[in-house]
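Student: Below are the structure tokens for one structure; questions will follow.
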Amino acid sequence: MEQEKAYEIFTDESFDDETKIGTYAIVIIQEKKVIKSIAKKCNIQLESSTECEVFAIFRAINIIEGSLLKKKTAQKFWLRTDCS
């Protein structure tokens with residue numbers, strides 16, 4: 001089995017109440033180095049900043065599942081968000 005890998009995943013969002021446009025960012029850090037960063041407009045219609053934050057967390061989980069999660073490798077994931 002490979003050495004355990006640990007990742008810190010940070011999410012944040014921005015939402016304009018007037019236009020109902022949200023953006024989000026995800027930063028993935030491993031061993032104190034940024035290995036991936038994403039900043040995009042939300043591609044679905046949202047009604048609040050809370051919905052936008054949940055969308056950012058959802059996208060981060062998709063990244064974990066789609067490209068970081070490996071079989072036969074011990075891994076830890078810390079998802080850090082400022083969502084209340």
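Student: Give the span of the chain's Cα atoms along each principal axis, as three whole-Å numbers ordered largest to smallest.
Tutor: Over the chain, Cα extents along the principal axes are 51, 22, 21 Å.
Student: Hey, any idea what % of the chain's accessible area is carbon plus sulfur with a 1.4 Å probe?
Tutor: Exposed carbon and sulfur together represent 50 percent of the surface.
Student: Let me ask another. Quick one: Karplus J couplings for region 20-25, per residue in order, coefficients 6.51, -1.76, 1.60, θ = phi - 60°, nearest Hz, x for Gly and Pro?
Tutor: After applying 6.51 cos²θ - 1.76 cosθ + 1.60, I find 6, 9, x, 10, 9, 9 Hz.
Student: Using the basic label-point model (7 angstrom from Cα toward the beta carbon), what is the Phe58 to Ile35 distance in nanometres?
Tutor: Distance between the two pseudo-spin positions: 2.5 nm.
Student: Taking H placed 1.01 Å from N in the peptide plane, check which residues at least 5 places from Ile21 or on another chain put their amide H under 5 Å from its amide H.
Tutor: The answer is Asp16.
Student: To continue, here is another question. Give a residue-ordered list of calculated ³J(HN,Hα) values for region 8-13 (Karplus: 6.51 cos²θ - 1.76 cosθ + 1.60, θ = phi - 60°; whole Hz; x for Gly, Pro).
Tutor: Once rounded to whole Hz, the list reads 10, 10, 9, 10, 7, 9.
Student: Right, here's the next one. Here are some pairs, Lys36/Lys71; Lys40/Lys71; Lys20/Lys72; Lys20/Lys71; Lys20/Lys70; which of them have Cα atoms lying more than 31 Å apart in this structure?
Tutor: Working: Lys36/Lys71 20 Å; Lys40/Lys71 29 Å; Lys20/Lys72 43 Å; Lys20/Lys71 40 Å; Lys20/Lys70 37 Å.
Cα-Cα > 31 Å for Lys20/Lys72; Lys20/Lys71; Lys20/Lys70; rest within.
Student: Another question, if that's okay. Give the angle, between 0 and 90 degrees and rounded to the nearest 10, that separates the Cα long axis of helix 49-63 from the longest principal axis of the Cα atoms of the chain.
Tutor: The angle comes out near 30 degrees.
Student: State which stretch of the chain is the longest one without any exposed GluC sites (Glu not before Pro), exposure meaning a DSSP loop state and at most 16 other Cβ atoms within 10 Å.
Tutor: Longest site-free region, per DSSP loop and neighbour criteria: 48-84.
Student: Okay, moving on. With an 8 Å Cα cut-off and a minimum separation of 6 or more residues, compute the relative contact order for the chain in percent.
Tutor: 41
Student: Sticking with this one: Residues of the chain: accessible area per residue at 1.4 Å, in Å²?
Tutor: It amounts to 71 Å² per residue over the chain.
Student: Tell me which trypsin sites (Lys or Arg not before Pro) from region 11-73 have a DSSP coil assignment and no more than 12 other beta carbons within 10 Å of their own.
Tutor: Lys32, Lys70, Lys71, Lys72
The values are calculated or read from the model by the stated rules, or taken from the named source; none is laboratory data. Computed from a predicted model, the values in this text were never measured in an experiment. Note: ideal-geometry Cβ built from the backbone for every residue, glycine included; neighbour counts use all protein chains shown. Keep in mind that these areas ignore ligands, DNA and RNA; they rest on the heavy atoms of the full protein, side chains included. Shrake-Rupley method; radii C 1.70, N 1.55, O 1.52, S 1.80 Å.
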